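First comes the structure, then the notes that go with it.
The values are calculated or read from the model by the stated rules, or taken from the named source; none is laboratory data. This structure is a prediction, so every number in the text was calculated from the model and none was measured. Heads up, the Cβs are rebuilt from the backbone with ideal geometry, glycines too, and the neighbour counts pull from every protein chain shown. Accessible surface is based on the protein model in full, side chains and every heavy atom, while ligands, DNA and RNA are left aside. Shrake-Rupley method; radii C 1.70, N 1.55, O 1.52, S 1.80 Å.
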Amino acid sequence: MPINILAIESSCDDTSASVISDGQVLSNIVSVQTAHADYGGVIPELASREHQVHIIPVVDQAIKKAGIKKSELTAIAFTRGPGLLGSLIVGVSFAKSMAMSLNIPLIDVHHMHAHVMAHFAGEVVPPFPFLCLTVSGGHTQIIRVTDYNEMEILGQTKDDAAGEAFDKTGKMLGLQYPAGPLIDKHAQKGEAKFQFPISKIDKLDFSFSGLKTAILYFLRDNVKQDPDFIKKELSNICASVQKTIIDTLMIKLIKASELTNITSVAIAGGVSANSEMRQRLIGESTSRGWTYFIPDFEYCRDNAAMIGISGYYKYLNEEFCDQDIKAEARLAF
Ligand code: KG4
Ligand code: ZN
């Protein structure tokens, strides 16, 4: 009998379900919420309401697409945290009820572990140990990965995440949420001609709040001189901000590789979909002799396949959880 894991992800604004069979992705359904587009960020209450609406159809579709019956499921994996509590509760409660009704085990998954484990969803997998730069809307971390689900944080952001820096910049520029993909698109037509500061924070940590303030003052001063400044310079502003964020990330990734002597380097999380981020990783890998790993687009952003892959390796280790488990907005790594 194959090990069939149904996985559920609802930590932020995407409702997702996936079926993983013996570590292979059979389905990965993601319902993206558009209700937040005009707010510049995710509105927690709207997000949990949307999860309630979408969770049953999304799970149904994932099981149908996988071509299996509910009775063939071996276990249910779900995101326990970190994330928005109201959003997590929808997925956690659903997973618990379904596991109870099918009388199968439950596996709790850490959302940030799962972003790293997304690398085991494809054909080409990184060797241990490897470094993973995980860059999303809520986190920015450099992680040393020594085995499946065995990892340690070497550095992380002290304030905003890299994705948040993209999204907050987008809000100042009048772009819809999530602004990362839009900034990426505009940047491709622009030139990084404006200078923004790169945080000098210690060790392998990051800070993006200074950049946010610098952009705010830069825009305020320039719009005072020319009210059409943003319209005229949008592509160049996007290219400049994007370059600053990616320079900041790459400086620390290079330092982490030098300090650990690890040359297998991966990126994960929503921001790893960024085209310049991908090109820079490939460029640095060529010049430094790194082997690089970039997940397919589908596995970069929030998705349940990564939860299922993480859950599959926990299943093999018999790491199950009890029915009284709770969702945690903040969850130790
Ligand atoms: O991993 P993810 O889907 O959700 C979280 O766990 O946060 O990441 C979402 C973040 C958002 O901040 C979004 O703007 C950013 O990833 N993002 C991008 C791109 N695609 C998504 N940032 C830069 N360039 C992109 N192409
Ligand atoms: Zn995420």
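Key figures for this structure:
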item: Selection status of R278, open to solvent by 20 Å² or more (accessible area, probe 1.4 Å), in contact with a helix residue (DSSP H, G or I) (Cβ under 8 Å, 6 or more places away or on another chain) and of a type in the set (K, R); result: yes
item: Qualifying positions in region 177-218 - assigned to a helix (DSSP H, G or I), within 16 Å of ligand 2 (Cβ to nearest atom) and more than 28 Å from S257 (Cα to Cα); result: none
item: Verdict on T169 being open to solvent by less than 30 Å² (accessible area, probe 1.4 Å), in the same structural domain as I246 (by TED's automatic domain parsing) and of a type outside the set (F, W, Y); result: yes
item: Inter-residue pairs, beta-carbon under 6 Å, first in the same structural domain as A273 (by TED's automatic domain parsing) and in region 174-191, second more than 6 Å from ligand 1 (Cβ to nearest atom) and not in a helix (DSSP H, G or I), 6+ apart; result: Y177/H36; Y177/G40; Y177/G41; L182/L175
item: Near pairs, Cβ below 7 angstrom, 6+ apart or cross-chain, from region 74-87 (in the same structural domain as V25 (by TED's automatic domain parsing)) to any residue that is among the polar types (S, T, N, Q) and assigned to a strand (DSSP E or B); result: T74/N4
item: Residue check for K189: basic (K, R) and within 21 Å of G270 (Cβ to Cβ); result: no
item: Cβ pairs under 9 Å, 6+ apart, first in region 273-284 and closer than 21 Å to A179 by Cβ and in contact (Cβ under 8 Å) with a residue 40 or more places away in the chain, second within 16 Å of ligand 2 (Cβ to nearest atom) and of a type in the set (D, E, K, R); result: A273/R301
item: Spans of helices (runs of 4 or more DSSP H) in region 219-333 with at least 2 residues among the polar types (S, T, N, Q); result: 229-260, 275-288
item: Residue in region 84-96 that is within 16 Å of ligand 2 (Cβ to nearest atom), surrounded by fewer than 24 Cβ atoms within 10 Å (Cβ to Cβ) and not in a helix (DSSP H, G or I) present; result: yes
item: Of all residues making up region 173-197, the number that are of a type outside the set (D, E) and open to solvent by 50 Å² or more (accessible area, probe 1.4 Å); result: 11
item: Conditions (1) open to solvent by 10 Å² or more (accessible area, probe 1.4 Å); (2) not in a strand (DSSP E or B); number of the one not met by D108; result: (2)
item: Every pair of residues 6+ apart whose Cβ atoms lie under 7 Å, when the first sits in region 112-134 and is assigned to a loop (DSSP other than H, G, I, E, B) while the second is among the charged types (D, E, K, R) and at pLDDT below 95; result: G122/D296
item: Matching residues in region 114-141 - criterion: being in contact with a helix residue (DSSP H, G or I) (Cβ under 7 Å, 6 or more places away or on another chain), open to solvent by less than 30 Å² (accessible area, probe 1.4 Å) and within 16 Å of ligand 2 (Cβ to nearest atom); result: A114, H115, M117, A118, A121, C132, L133, T134, V135, S136, T140, Q141
item: Residue match in region 27-37 (condition: more than 16 Å from ligand 2 (Cβ to nearest atom) and touching a strand residue (DSSP E or B) at 6+ places or on another chain (Cβ under 8 Å)); result: yes
item: Residues satisfying the stated conditions in region 135-164, i.e. among the small types (G, A, S) and under 17 Å from H119 (Cα atoms); result: S136
item: Single condition Y292 does not satisfy, out of (1) open to solvent by less than 70 Å² (accessible area, probe 1.4 Å); (2) within 25 Å of A162 (Cα to Cα); (3) of a type outside the set (K, R); result: (1)
item: Condition check for G210: open to solvent by 20 Å² or more (accessible area, probe 1.4 Å), more than 28 Å from W290 (Cα to Cα) and not assigned by TED's automatic domain parsing to the domain that holds I55; result: yes
item: First in region 211-231 and over 13 Å from Q195 (Cα atoms), second anywhere and in a loop (DSSP other than H, G, I, E, B) and modelled with pLDDT of 95 or more, Cβ under 6 Å, 6 or more apart; result: I230/L173
item: Test result for T79, within 16 Å of ligand 1 (Cβ to nearest atom), among the polar types (S, T, N, Q), surrounded by 17 or more Cβ atoms within 10 Å (Cβ to Cβ) and over 19 Å from S272 (Cα atoms); result: yes
